[in-house]
Amino acid sequence: MDIGFYLLQLLTGLAYASTLFLLSVGLSLIFGAMGIVNFAHGSFYMLGAYLFYAFTRGQAEGFWGGLLSVLAAGFVIGALVERLLIRPIYARPEEYQILLTYALLLILEDAVRFFFGAAYRSFPMPEAFSSPLFILGSPFPSYYLFLIGLAALFALLLWGFLYRTRLGVWIRAATQDREMLEALGVNVPLLYTAVFGLGIALAALGGAALLPLQAATPGMAVDAVISAFIVVVIGGLGSVWGALLGAVLIGLLQAFGILLLPEWAMVFPFGLMALVLLLRPWGLLGRPPAVRT
């Protein structure tokens, strides 16, 4: 095995990390701004894949338009869910949030089975990515590089949005002192709707972007939400950059772990999560809870 092989394995791990980032960053953003632990997050990832299939009718020619349509639809769906279901339980104990979002996961899974059936839904590789790239003489799927670029683009856009716009400043302020922000005249409920919609839109985009590589099934929601929570626990719940770091670590761990101990590859992410919980329970880039005196 030469350096080219390891480079390709590195890029493969980063491509997997890219889908994990798009899935988990919305979960982290929603919790950081709103304090909502969304157990239904994986369902919107699944829904994004099925909506992408419906918008494109399974035809590769509709790939680009399908991605934009899923992103827009995800935002609208997320905004409606926050307004109709999440907002009424803000003042209630956290177990209400957990039960509601878990019930929503089951409802969306059954809804997908009802409208799309239980059969797998696959999508052909778009023509723009049908030919591999050659890196150090070895073929590499060009679509993997697209996924890496897509995740990098949205990471930069989120950074610019959160740290270089007034709305981003309000979102970060809402995590610290919602009452003060409302006293300054900011419409915090509308802000929460926008944040939830954005988080769901990113999850839906992640599901859509994965469809050319992996067929959609109604059961993928549970696996997705487990992966999302592993990523945000490692990176730090509420940290966008923590979601990116956690996704990259899991992606690389899977890519190289399968070479060393293939029979243990599925265990590595859980082992890393357990180690982080033992040594730094608030995550690698998360903030420790404030100590009350």
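The values are calculated or read from the model by the stated rules, or taken from the named source; none is laboratory data. Bear in mind that the values here come from a model prediction, so they are computed numbers and not experimental data. Quick reminder, even Gly has a Cβ in these numbers, built from the backbone with ideal geometry, and neighbours come from all protein chains shown. Ligands, DNA and RNA are excluded from the accessible area calculation, which covers all protein heavy atoms including side chains. Shrake-Rupley method; radii C 1.70, N 1.55, O 1.52, S 1.80 Å.
Quick notes on this one:
- Cα gyration tensor, the stretch 90-167 - rounded (a/c under 1.5), prolate or oblate: oblate
- Within the accessible area of the stretch 203-293 (1.4 Å probe), percent carbon and sulfur: 72
- For the stretch 196-278: rounded, prolate or oblate by the Cα gyration tensor [a/c cutoff 1.5]: oblate
- Ordering of 23-33, 129-139, 278-288 by packing [mean C-beta count within 10 Å, highest first]: 23-33, 278-288, 129-139
- Zone of Leu157's modelled label, taken as backbone nitrogen in the stretch 177-207 under 13 Å from a point 7 Å along Cα→Cβ: 198-206
- Applying the Karplus relation 6.51 cos²θ - 1.76 cosθ + 1.60 with θ = phi - 60° to the stretch 189-199 yields 3J(HN,Hα) values of x, 5, 4, 4, 4, 5, 5, 5, x, 5, x Hz, where x marks Gly and Pro.
- Judged by the ratio a/c of the largest to the smallest principal axis of the C-alpha gyration tensor, the stretch 113-209 counts as oblate, that ratio being 1.5 or greater while a/b is no larger than b/c.
- Accessible area per residue (1.4 Å probe, heavy atoms of protein chains only) ranks Glu82, Glu109, Glu263 as Glu263, Glu109, Glu82, with the largest value leading.
- Evaluating 6.51 cos²θ - 1.76 cosθ + 1.60 at θ = phi - 60° for every residue in the stretch 248-260, the Karplus couplings come out as 5, 4, 5, x, 6, 4, 5, 5, 8, x, 5, 7, 7 Hz, glycine and proline recorded as x.
- With a cut-off of 10 Å between beta carbons, the residues surrounding Gly219 carry a summed charge of -1, where Lys and Arg count +1 and Asp and Glu -1.
- Contour minus Cα-Cα distance for Tyr6 and Met180 (0.36 nm per residue): 57.5 nm
- Semi-axis lengths, largest first, of the ellipsoid equivalent to the chain are 31, 24, 18 Å, with √(5λ) applied to each eigenvalue of the Cα gyration tensor.
- Long-range HN-HN contacts of Ile135 with modeled amide H, under 5 Å: Phe140
- Probe 1.4 Å, protein heavy atoms only - accessible area per residue of the chain in square angstrom: 50
- Report summary: the helix-based calculation at 222 nm, which adds -39500 (n - 2.57) for every DSSP H run with n ≥ 4 and divides by the residues of the chain, gives -23500 deg cm²/dmol.
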